[in-house]
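This report concerns only the one structure given below.
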């Protein structure tokens, strides 16, 4: 009896199992359960490519679950996982690295993840925006216009938010891989 309870408890917190319970695809709709009574729905046909990134000791099992859920819909992925936590993956590059103390392999994994996320051909995602400009004035400008940045973030509504601010970057199709620019200025 105790062994059964223990097994149920472990299963309830298994990250890969939880993903399979929370994420489903029905036809061309991605359904993500956010709590017991609600969730988010995304039209998959609105996205040109789907990428997976991850880091941490559970990232390999979670990547395996995501690959199973998304199948051929997923373009590719990059994850960094703890040494000894390797699992077979089809579309995801796995980098073994130090955890919880980062090492050189972890740094290399982070660079590969950054490189995967940093390219656009001007037609990524469901809008014509290839990005946006955000700086130290973004939140205060938004609030002065009566916008609630947290609400936009919680609703995954970046495009309308930055459009109202006049900060969207729209390149249109470039037919090349334009690299994003990220600038961080620290006093």
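The values are calculated or read from the model by the stated rules, or taken from the named source; none is laboratory data. Owing to the predicted nature of the structure, the values given are computational and were not obtained by experimental measurement. Here the Cβ is made from the backbone with ideal geometry for all residues, glycine too, and neighbour counts use every protein chain on show.
Within region 129-141, count every residue that is in a loop (DSSP other than H, G, I, E, B) and over 16 Å from residue 163 (Cβ atoms).
The initial filter retains those residues of region 129-141 that are in a loop (DSSP other than H, G, I, E, B), namely 129-130, 133-137.
Imposing the further condition that a residue be over 16 Å from residue 163 (Cβ atoms) reduces the set to 135-137.
Of the residues in region 129-141, 3 are in a loop (DSSP other than H, G, I, E, B) and over 16 Å from residue 163 (Cβ atoms).
How many of the residues in region 88-131 are closer than 23 Å to residue 30 by Cβ, more than 17 Å from the chain's Cα centre (by Cα) and at pLDDT 75 or above?
So the count comes out to 2.
Which condition number does residue 5 fail, the rest of (1) surrounded by fewer than 10 Cβ atoms within 10 Å (Cβ to Cβ); (2) within 24 Å of residue 154 (Cα to Cα); (3) at pLDDT below 90 being met?
(2) is the only condition that residue 5 fails.
Is it the case that region 27-36 has a residue that's in contact with a helix residue (DSSP H, G or I) (Cβ under 9 Å, 6 or more places away or on another chain) and over 17 Å from residue 156 (Cα atoms)?
yes
What about residue 101, is it surrounded by 15 or more Cβ atoms within 10 Å (Cβ to Cβ) and either outside any strand (DSSP E or B) or touching a strand residue (DSSP E or B) at 6+ places or on another chain (Cβ under 9 Å) (or both)? Steps first, please.
Working: surrounded by 15 or more Cβ atoms within 10 Å (Cβ to Cβ): no; either outside any strand (DSSP E or B) or touching a strand residue (DSSP E or B) at 6+ places or on another chain (Cβ under 9 Å) (or both): yes.
Judged against the criteria, residue 101 is not a match.
Being crowded, with 18+ Cβ neighbours inside 10 Å and in a loop (DSSP other than H, G, I, E, B) is the filter here, so list the residues in region 66-88 that pass it.
74
Checking residue 64 against (1) within 22 Å of residue 83 (Cα to Cα); (2) at pLDDT below 90: exactly one of these is not met. Which one?
(2)
Among the numbered conditions (1) in contact with a helix residue (DSSP H, G or I) (Cβ under 7 Å, 6 or more places away or on another chain); (2) at pLDDT 85 or above; (3) more than 24 Å from residue 113 (Cα to Cα), tell me where residue 11 comes up short.
(2)
In region 23-38, which residue that is surrounded by 13 or more Cβ atoms within 10 Å (Cβ to Cβ) and touching a residue at least 12 places away in the same chain (Cβ under 8 Å) is nearest to residue 84 (Cα to Cα)?
23
The conditions are (1) in a loop (DSSP other than H, G, I, E, B); (2) modelled with pLDDT of 85 or more, and residue 48 fails exactly one of them. Which is it?
(2)
Going by the structure shown, is residue 42 touching a strand residue (DSSP E or B) at 6+ places or on another chain (Cβ under 9 Å), more than 30 Å from residue 163 (Cα to Cα) and surrounded by 13 or more Cβ atoms within 10 Å (Cβ to Cβ)?
Values: touching a strand residue (DSSP E or B) at 6+ places or on another chain (Cβ under 9 Å): yes; more than 30 Å from residue 163 (Cα to Cα): no; surrounded by 13 or more Cβ atoms within 10 Å (Cβ to Cβ): yes.
The answer is no for residue 42.
Filter region 142-187 down to residues that are part of a loop (DSSP other than H, G, I, E, B) and at pLDDT 90 or above and give me whichever is surrounded by the fewest Cβ atoms within 10 Å (Cβ to Cβ). Break it down into steps so the answer makes sense when it comes.
So in region 142-187, the residues part of a loop (DSSP other than H, G, I, E, B) come out as 145-148, 155-157, 166-167, 170-177, 180-187.
Pick out the ones that are also at pLDDT 90 or above and you get 145-148.
Numbers: 145: 9, 146: 7, 147: 17, 148: 12.
Per the stated criteria, the residue is 146.
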